[in-house]
Structure formats: structure tokens, C-alpha cells
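The values are calculated or read from the model by the stated rules, or taken from the named source; none is laboratory data. On a predicted model such as this, the values are computed, not experimentally measured, just so you know. When we count neighbours, we look across all protein chains shown, and the Cβ atoms used for this are built from the backbone with ideal geometry, even at glycine. Quick note on the areas: whole protein, heavy atoms, side chains included, nothing else; ligands and nucleic acids left out. Shrake-Rupley method; radii C 1.70, N 1.55, O 1.52, S 1.80 Å.
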Amino acid sequence: MKIHREGTNILILLFLVLGAVNVPIWLFMPPYTLPIIFTSISVVAYIFVFNFFRSPKRKYQGERKNMVVSSVDGKVVAIERVRENEYIKEDSIMLSVFMSPFNVHANWYPVDGTVEYVRHHRGRFLAAYLPKASEENERSTVGIVTDTGRKITVRQVAGAMARRIVTYARRGMRSSIDGHLGFIKFGSRVDLYLPTDTEILVKMQQKVKGGVTPVAHFPEN
């Protein structure tokens, strides 16, 4: 399993810290009951963080024209009509996917197209599943125009645990469904804002996979 580049330094540092804690315990705290407990906890903690930073290589196999693919692994928590005032600047369908700490946290581009807008917003760290998190939490907004001329907004939203949003997208860059848009460390959600005539292909509470699951389809112009 490949480890995402955002986790390499964290995993190395965590390994060193856990080693520095466990070695003295084994050397100076016999009998072995306490060292075994500490080491077991350390192994579980390291596996949890290791699992969080995994980065599976994915290649979308379906039809790409007019297709929107999930940006992240997780569960659909919102499908509703809202006003998107930052990039699209009109009524849109918001489709939100919540990532638990056990999901892959790499973020994929949802469409093939060109990045037109990127902006980071400072904010709060409310629980990511709350509706107001999209507007009040720390977040990064990416605006993309698809190859067929459709404009969509992708919003990376921090959660109660997530304290850092990484966005690789830059204005003028090519977006590809197979490419990474960014990474959100430890929890949160990603919102997609789509034109109101978009056909939604998923349901509430449905589990989706980033770069794999088709979530919406644009009708032909």
C-alpha cells in the first residue's frame, strides 16, 4: 500500500516518538506487563495513522464525458439545492461527502477540465457533518470548468479533527478525474456544487469511493 506524501514525515516522526517512549519502558520498567501494554497501544496507534495516510492508486474506468466522479471516500450526507456565491454564483445542487477517520483522505478531481479559481478561507473547526460547516469552517474552494463548458465548485471543508487542508490545484492547471486535487488531514468533508439540471446518481447515506464512484451526470447541452 502506497503512503501519501502528506503522511511521510508524520509517520517517521511518530515512529521515532513511539520508539523513544517504548525503549526506556522495556529497559527500566520490569516486569513485562506494563511494557507489553504500552507497546500494544503504540502499535495500534501507529497502524491507525498509517491507515489514514494510505494512498491507493486509482484509474477511473467509466465514461468521462459529462460525468462527475466522487472526490473522496466516505458517505453522502447532503444533496440539496443551495446558492453558491463564490465561483458559480447561482443556484446549485450541493452534494456533500463526509469522511470518517477510517477513510482514505486523498481528494481527487471530480471532473476533467481546467481549474479557474482557487481560494483558501480561514474559519472554525466545527464537526464537518454539520450543515453550517460548509460556510463557517476552515475551507478551500476550487472552481473548475469542464471540457464541455460546465462550471462546478469543489469545496474542501475542515472538521473538528482536521487542522490542515492541502490543495494542489492552481489556477490554469488541468484537472483529471485520475489526479489528486489535495488532501485533508484527519477527518472532514468535501462539497460539490453542480448545475441545477445535473442528474444525481447517488442517494443519502450511500458510501462512495474517490476517483471511482460516479455521483452525477450532466445532460447534453
From VAL202, VAL166, VAL190, which residue is within 22 Å of LYS59 (Cα to Cα) and surrounded by 21 or more Cβ atoms within 10 Å (Cβ to Cβ)? VAL190
For region 136-152: of the residues being open to solvent by 10 Å² or more (accessible area, probe 1.4 Å) and either in a loop (DSSP other than H, G, I, E, B) or at pLDDT below 90 (or both), which is farthest from VAL111 (Cα to Cα)? GLU136
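Output the residue which, of all residues in region 102-121 that are of a type in the set (Val, Ile, Thr) and open to solvent by 30 Å² or more (accessible area, probe 1.4 Å), is nearest to ALA158 (Cα to Cα).
VAL118
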Taking region 153-163 and keeping residues at pLDDT below 85 and either open to solvent by 40 Å² or more (accessible area, probe 1.4 Å) or in a strand (DSSP E or B) (or both) leaves ALA160, MET161, ARG163
All but one of (1) touching a Phe, Trp or Tyr at 6+ places or on another chain (Cβ under 7 Å); (2) in contact (Cβ under 8 Å) with a residue 24 or more places away in the chain hold for TYR60, so report the exception by its number. (1)
When the residues of region 178-208 are filtered to those that are under 14 Å from VAL69 (Cβ atoms) and at pLDDT below 95, which remaining residue is nearest to the chain's Cα centre (by Cα)? VAL190
Within region 53-81, how many residues are part of a strand (DSSP E or B), open to solvent by 30 Å² or more (accessible area, probe 1.4 Å) and more than 25 Å from HIS4 (Cα to Cα)? 4
Only one of (1) in a loop (DSSP other than H, G, I, E, B); (2) of a type in the set (Val, Ile, Thr); (3) loosely packed, with under 12 Cβ neighbours inside 10 Å fails for ILE37. Which number is that? (1)
Qualifying residue in region 91-101 (condition: loosely packed, with under 15 Cβ neighbours inside 10 Å and either assigned to a helix (DSSP H, G or I) or out of contact with any strand residue (DSSP E or B) (no Cβ under 9 Å at 6 or more places or on another chain) (or both)): no
